[in-house]
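Asks: What follows is a structure written as structure tokens; I'll ask about it next.
The values are calculated or read from the model by the stated rules, or taken from the named source; none is laboratory data. These numbers were taken from a predicted model, which means no experiment stands behind them. Positions of Cβ are backbone-derived with ideal geometry, glycine not excepted, and every protein chain shown enters the neighbour counts.
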Amino acid sequence: MQFIHNSWYVAGWSKEFTRELSKATILGENIVFYRTEAGTVTALEDRCPHKLLPLSEGRLIGDDLQCGYHGVTFGCDGKCVRVPGQSVLPKSAWVRHFPTFERHNIVWIWMGDEGKADESLVFDLPELSSPDYAPHQGNPLPYASNYLNVADNLCDPAHVSFVHPTTLGNPEMEDLPIDSEMTGDGTVITSRWTRDTPPVGVFQGLSGFGVNFRGNVDRWQYYIMNVPCVAVIDFGSAEVSQEITYDRRAEGVHIYAIHFLTPVDEFRTIDRWMHVRNFALQDKAVGGAMNDLFNVAFAEDKVILEAIQIEERRPRSAEQEQRRPLRIAIDKGSNLYRRRIDELIKQEQVND
């Protein structure tokens, strides 16, 4: 499978990186991580070029990483600084270095050409820095699923009535139309409004934290896919009497659910998700309560997406191969997303 390499991906939450060596696989590449004594995160290819032992089996000496087999040692930039028993450092004694960037307690990694790593391209959301919103990180969610299928799900407000009937959806949404568009920078936005219907389960579950709707609500859902792998679900509800509009969303109960997808390989993805809310800002308990509610919904997604992956990998009969895939109106957002992914992969191939 081909990936987009010239992009920033989330390597993990800041708290996941310490002076202890840790390892991860991203886009099929094995990487070892550690913090320097100054606190910055270093990411190196997790394979010694001598006998191929993963460097994550070695140890730190100051800010240098020593292989656990014969002591060949590498600096933070991946260049060899020592080969025990000889003074000459072979030209092939180096490992790849991956640029990293840290902000909002999130560590990002650039997986492509190091010379093209541009920190201004790292995803940001103004509300992450706003005193009017409170962020809260969830636990990493592993999927035995291709990242494209996970992303499809995050371009799709329509599935919530069927996959999440008790948390994020309700029957009143089932037949509502979906609007999908691609902006000039390639961002895919899929949206819909649900007017004058009962609040969904997530908002009912927050009744103890100041979210107390007296009757029906108006609800919005904007699924914003920042290609390749950052999805922002901008959703919320407001009393019908408020006659809420898009530019006045902050007057209602407003939540951003942000999903940072990190492709592990062709068949596995890590979804690091968080929420940003405009209510109960000082109540630490509400973050955990919302995590519990979201965990129920995301477990439902996990069942669906992993079942799809199993079916995709099964051999197909001749009749199934000849049958055209079914496409329906609600697929427009995911179709736009996949088209943009294909365009970016082709651009990388031409430039390489």
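Asks: Would you say residue 23 is touching a helix residue (DSSP H, G or I) at 6+ places or on another chain (Cβ under 9 Å) and either of a type in the set (A, V, I, L, M) or outside any loop (DSSP other than H, G, I, E, B) (or both)?
Replies: Spelling it out, residue 23 is indeed touching a helix residue (DSSP H, G or I) at 6+ places or on another chain (Cβ under 9 Å) and either of a type in the set (A, V, I, L, M) or outside any loop (DSSP other than H, G, I, E, B) (or both).
Asks: Identify, by number, the condition in (1) out of contact with any strand residue (DSSP E or B) (no Cβ under 8 Å at 6 or more places or on another chain); (2) surrounded by 20 or more Cβ atoms within 10 Å (Cβ to Cβ) that residue 41 doesn't meet.
Replies: With respect to (1) out of contact with any strand residue (DSSP E or B) (no Cβ under 8 Å at 6 or more places or on another chain); (2) surrounded by 20 or more Cβ atoms within 10 Å (Cβ to Cβ), residue 41 is out only on (1).
Asks: While we're on this one: Go through region 215-260 and give me each residue that's in a loop (DSSP other than H, G, I, E, B) and either in contact with a strand residue (DSSP E or B) (Cβ under 7 Å, 6 or more places away or on another chain) or of a type in the set (A, V, I, L, M) (or both).
Replies: Scanning region 215-260 gives 216, 227, 229, 244, 252.
Asks: Please go through region 142-165 and pick out each residue that is outside any helix (DSSP H, G or I) and surrounded by fewer than 19 Cβ atoms within 10 Å (Cβ to Cβ).
Replies: Listed by number, the residues that qualify are 142, 144, 165.
Results for (1) in contact with an Asp or Glu (Cβ under 8 Å, 6 or more places away or on another chain); (2) not assigned by TED's automatic domain parsing to the domain that holds residue 304, shown as yes or no for each residue.
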position: 107; (1), (2): yes, yes
position: 146; (1), (2): yes, no
position: 150; (1), (2): yes, no
position: 153; (1), (2): yes, no
position: 169; (1), (2): no, no
position: 180; (1), (2): no, no
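Asks: Considering 180, 191, which residue is closer than 21 Å to residue 278 by Cα, outside any helix (DSSP H, G or I) and of a type in the set (S, T, N, Q)?
Replies: 191
Asks: Output the residues belonging to region 86-130 that are charged (D, E, K, R) and free of Cβ contacts under 8 Å to residues at least 40 places away in the same chain. It would help to see each step written out before you state the result.
Replies: The first filter runs over region 86-130 and keeps only residues charged (D, E, K, R), leaving 91, 96, 102-103, 113-114, 116, 118-119, 124, 127.
Across region 86-130, the qualifying residues are 91, 103, 114, 118, 119, 124.
Asks: Sticking with this one: Name, by its number, the condition in (1) buried (at least 21 other Cβ atoms within 10 Å of the Cβ); (2) farther than 18 Å from residue 160 by Cα; (3) touching a His at 6+ places or on another chain (Cβ under 8 Å) that does not hold for residue 255.
Replies: (2)
Asks: Still on this structure, please answer the following. Here is a check on your reading of the model: is residue 53 out of contact with any helix residue (DSSP H, G or I) (no Cβ under 6 Å at 6 or more places or on another chain) and in contact (Cβ under 8 Å) with a residue 60 or more places away in the chain?
Replies: No: the conditions fail for residue 53.
Asks: Please count how many residues of region 206-231 are touching a residue at least 60 places away in the same chain (Cβ under 8 Å) and under 16 Å from residue 179 (Cβ atoms).
Replies: 3
Asks: Output yes when any residue across region 296-313 is in contact with a Leu (Cβ under 6 Å, 6 or more places away or on another chain), modelled with pLDDT of 90 or more and of a type in the set (A, V, I, L, M), and no when none is.
Replies: For region 296-313, residues in contact with a Leu (Cβ under 6 Å, 6 or more places away or on another chain), modelled with pLDDT of 90 or more and of a type in the set (A, V, I, L, M): present.
Asks: Would you say residue 111 is touching a strand residue (DSSP E or B) at 6+ places or on another chain (Cβ under 8 Å), surrounded by 19 or more Cβ atoms within 10 Å (Cβ to Cβ), of a type in the set (A, V, I, L, M) and more than 15 Å from residue 230 (Cβ to Cβ)?
Replies: Considered against the rule, which asks whether it is touching a strand residue (DSSP E or B) at 6+ places or on another chain (Cβ under 8 Å), surrounded by 19 or more Cβ atoms within 10 Å (Cβ to Cβ), of a type in the set (A, V, I, L, M) and more than 15 Å from residue 230 (Cβ to Cβ), residue 111 comes out as no.
Asks: Just the residues that are touching a strand residue (DSSP E or B) at 6+ places or on another chain (Cβ under 6 Å) and surrounded by fewer than 15 Cβ atoms within 10 Å (Cβ to Cβ), please, taken from region 261-306.
Replies: Within region 261-306, 281 is the sole residue that qualifies.
Asks: Quick one: would you say residue 247 is assigned by TED's automatic domain parsing to the domain that holds residue 159, crowded, with 21+ Cβ neighbours inside 10 Å and under 27 Å from residue 337 (Cα atoms)? Lay out the reasoning, then the answer.
Replies: Values: assigned by TED's automatic domain parsing to the domain that holds residue 159: yes; crowded, with 21+ Cβ neighbours inside 10 Å: no; under 27 Å from residue 337 (Cα atoms): yes.
So residue 247 fails the test.
Asks: Scanning region 166-205 for residues that are out of contact with any strand residue (DSSP E or B) (no Cβ under 8 Å at 6 or more places or on another chain) and either of a type in the set (Lys, Arg) or without any contact (Cβ under 8 Å) to a residue 24 or more places away in the chain (or both), which turns out surrounded by the most Cβ atoms within 10 Å (Cβ to Cβ)?
Replies: Here the residue is 204.
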